[in-house]
1. Quick one: in region 1-47, of everything that is among the acidic types (D, E) and in contact with a strand residue (DSSP E or B) (Cβ under 6 Å, 6 or more places away or on another chain), which residue is least open to solvent (accessible area, probe 1.4 Å)?
2. Y208 - would you say it is over 16 Å from the mean Cα position of the chain (by Cα) and either closer than 30 Å to D238 by Cβ or without any contact (Cβ under 8 Å) to a residue 40 or more places away in the chain (or both)?
3. Pull out all pairs, ordered by first then second residue, where Cβ-Cβ is under 9 Å, the residues are six or more apart or on different chains, the first lies in region 139-155 and is more than 11 Å from R179 (Cα to Cα) and touching a residue at least 40 places away in the same chain (Cβ under 8 Å), and the second is open to solvent by 70 Å² or more (accessible area, probe 1.4 Å) and polar (S, T, N, Q).
4. What number of residues within region 58-111 satisfy the criterion of being among the aliphatic types (A, V, I, L, M) and closer than 30 Å to S207 by Cα?
5. Taking K108 and the conditions (1) at positive phi; (2) buried (at least 16 other Cβ atoms within 10 Å of the Cβ); (3) more than 30 Å from the chain's Cα centre (by Cα), which numbered condition does it fall short on, given that it satisfies the others?
6. Return the total of residues in region 156-197 being of a type in the set (A, V, I, L, M), modelled with pLDDT of 95 or more and out of contact with any strand residue (DSSP E or B) (no Cβ under 6 Å at 6 or more places or on another chain).
7. Any idea which residue in region 111-149 is surrounded by the fewest Cβ atoms within 10 Å (Cβ to Cβ), counting only those that are among the small types (G, A, S) and within 12 Å of the chain's Cα centre (by Cα)?
Amino acid sequence: LELGLIINHNAGNFHTDNTVSFFTNNSKVIDVKAGYDHTPVAGFSNVHTAIVKGATPGSIVGTSYQRDANKKVLIGSDGFPLVNTTPAVIGNPLPDFIVKMNNAFNWKKFSLDLNWEWKKGGQVWNGTQAVLDYYGRSATSAAGRQITGFVFNGVLQDKQPNHIPVSFYDVTQPVEKNRWTRYGHSGIGEEYIQRADVLRLNTINISYKQKIGKYIQQLVFSLYANNLILYTAYKGADPNQLFYDQSNATAL
C-alpha cells in the first residue's frame with residue numbers, strides 16, 4: 001500500500017513544496033519448492049537471511065536458546081543457558097510502515113531542501129555487537145566481567161527452576177568458558193536481535209541560484225549533508241546499514 005500527499009504554499013517571494021509518502025506491505029512466503037525451504041540468502045552459516053515457508057521473505061534465521069514446552073530457557077549443569085543449534089526464524093526485517101517526507105522552502109534566490117524518513121517496526125541482527133562481546137571489546141563485556149553469583153532465569157533439564165550461580169568471567173576457568181566466548185563469534189543469534197525503528201534526516205541541501213546570461217542561464221551553489229540526524233532504537237550504528245553492502249543482506 002502506498003499513499004501520497006502534496007502540499008504547496010505561495011506567499012510573494014516565499015513558497016514551499018511538501019510531499020509526504022506512506023508505504024506499508026505484508027509479504028509472506030506461501031510455498032517453497034521441496035528441498036529448498038530455509039534456503040540461505042546472505043550472511044553466515046549460523047546466522048543469515050533465508051527463504052522460509054510461512055515467514056516474511058528474507059527472515060533472519062539463526063541460533064536460539066533451548067526451551068521447554070512452556071517456552072522457558074533450558075539451563076545446563078554449569079548454570080549457563082543451552083543453545084539450540086538447529087536454525088530457526090529469530091527475526092522479522094519487515095517494518096510496519098515507512099513514512100518519507102520532502103520539504104522544499106524557497107525565498108528569492110535561496111532554497112532549503114530537507115528529506116526525512118521514519119521507519120516503524122522491523123528487526124535487525126546486531127552482529128557487530130556479538131563480535132565485540134566475543135573479543136571482550138564492548139562496554140557490555142567490560143561491565144559483565146565483574147558479575148558473579150548470577151542465576152539465569154530458566155529451568156534445569158530435570159524441570160526444576162535454575163538455582164546455579166555463575167561468574168561471567170572466572171579467571172580460574174579457560175577463556176572459552178566465559179559468558180561470551182562459549183557461544184562463538186556470533187553468540188546466540190536471538191540474543192542480538194534488536195528493533196530497527198529509525199527516524200532520520202537523509203539529506204539537507206541549501207542552495208543559492210544566480211541567473212547569468214544567454215549561454216549560462218543559471219548558476220547554482222549548493223551545500224549539502226547526508227545522514228545528518230539519526231535517531232534509532234537500534235544499538236548499532238545504523239539499522240539500514242547492509243552486511244558487506246550486499247543488497248540482499250537487509251537486517252544483518
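1. The extreme case among them is D17.
2. no
3. From residues that are more than 11 Å from R179 (Cα to Cα) and touching a residue at least 40 places away in the same chain (Cβ under 8 Å), the pairs are V155/N70.
4. Residues flagged as among the aliphatic types (A, V, I, L, M) and closer than 30 Å to S207 by Cα within region 58-111 amount to 4.
5. Result: K108 passes all but (2).
6. Residues that pass the stated criteria total 1.
7. Restricting to residues being among the small types (G, A, S) and within 12 Å of the chain's Cα centre (by Cα), the top hit is G121.
For (1) in contact with a Ser or Thr (Cβ under 9 Å, 6 or more places away or on another chain); (2) closer than 30 Å to T128 by Cα, each residue gets a yes or a no:
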site	(1), (2)
Y208	yes, no
S222	yes, no
A225	yes, yes
L228	yes, yes
Y231	no, yes
K235	no, yes
D238	yes, yes
L242	yes, yes
T250	yes, yes
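The values are calculated or read from the model by the stated rules, or taken from the named source; none is laboratory data. Just so you know, these numbers come straight off a predicted model, no measurement behind them. Quick reminder, even Gly has a Cβ in these numbers, built from the backbone with ideal geometry, and neighbours come from all protein chains shown. Heavy atoms of the whole protein, side chains included, go into the accessibility calculation; ligands, DNA and RNA do not. Shrake-Rupley method; radii C 1.70, N 1.55, O 1.52, S 1.80 Å.
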